[in-house]
Each structure stands twice: as C-alpha cells, then as structure tokens.
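Before any comments, here is the structure.
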Amino acid sequence: MHDFQLAEKGITKIEDILSQDIESLGLNSRTFNILRVGISKDGRVQGPIYTVGELTKKTEQDLIKYRWFGRKSVAEVILN
C-alpha cells in the first residue's frame, strides 16, 4: 500500500498500521479464520493472531505450522 493510500485511510504512523486488525488485510475467510483460531497441526494452540503487528512477527515456517495453513495461504498473506 502506498503512502497516499494510507493517508486516505487516516493511517500516518507505523504504529497505526501494526495495531490494525488482520481483518483490514482483506484475507479470504478461510485464511482469516485459521489465523484467528490459532491451532497447530498437532492440535496445540499456536496462539491466535489478531493484529497486523502480530502477523509481521511470524515467519513463513511459523505460519505453515497452523492447522490447514498451506502454501496458498502463506502466499496470500505475503501478497497482502
């Protein structure tokens, strides 16, 4: 997203971006729900992701550990 697009949304600081709900990313409902539930492939709680800041702390390998989260979902997150 470009600076002028962020300014149109009233976002001028990095903190504003990082505190946004991941819903603002426009992820498809499957990807969004997987991140919100936060269950790993072995059934353990990975920890749900609520904000863009929390998501930016995850590596591709971290995301792949989420149950039902595959390469397509990772690609969607990276492209957003």
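Odds and ends about this structure:
- Yes/no for Leu6 being open to solvent by less than 70 Å² (accessible area, probe 1.4 Å) and modelled with pLDDT under 85: yes
- In region 56-73, the residues that are open to solvent by less than 70 Å² (accessible area, probe 1.4 Å) form Cβ pairs under 6 Å with partners that are modelled with pLDDT of 90 or more and of a type in the set (Ser, Thr, Tyr), at six or more places apart or across chains, as follows: Ser73/Thr31.
- Looking across region 28-55 at every residue that is of a type in the set (Ser, Thr, Tyr) and open to solvent by 60 Å² or more (accessible area, probe 1.4 Å), the one that is nearest to the chain's Cα centre (by Cα) is identified as Tyr50.
- Complete set of residues in region 10-61 that are assigned to a loop (DSSP other than H, G, I, E, B) and in contact with a Ser or Thr (Cβ under 8 Å, 6 or more places away or on another chain): Ser19, Gln20, Gln46
- In region 23-45, the residues that are under 21 Å from Gln61 (Cβ atoms) and in contact with an Asp or Glu (Cβ under 8 Å, 6 or more places away or on another chain): Leu27, Thr31, Phe32
- Entry remark, region 62-80: residues being hydrophobic (A, V, I, L, M, F, W, C) and in a loop (DSSP other than H, G, I, E, B) number 2 in total.
The values are calculated or read from the model by the stated rules, or taken from the named source; none is laboratory data. From a predicted model like this one, the values you see are computed outputs, not experimental measurements. Every residue, glycine among them, receives a Cβ derived from its backbone with ideal geometry; neighbour counts consider all protein chains shown. The protein model used for the area step is the full one, side chains on, heavy atoms only, and it has no ligands, DNA or RNA in it. Shrake-Rupley method; radii C 1.70, N 1.55, O 1.52, S 1.80 Å.
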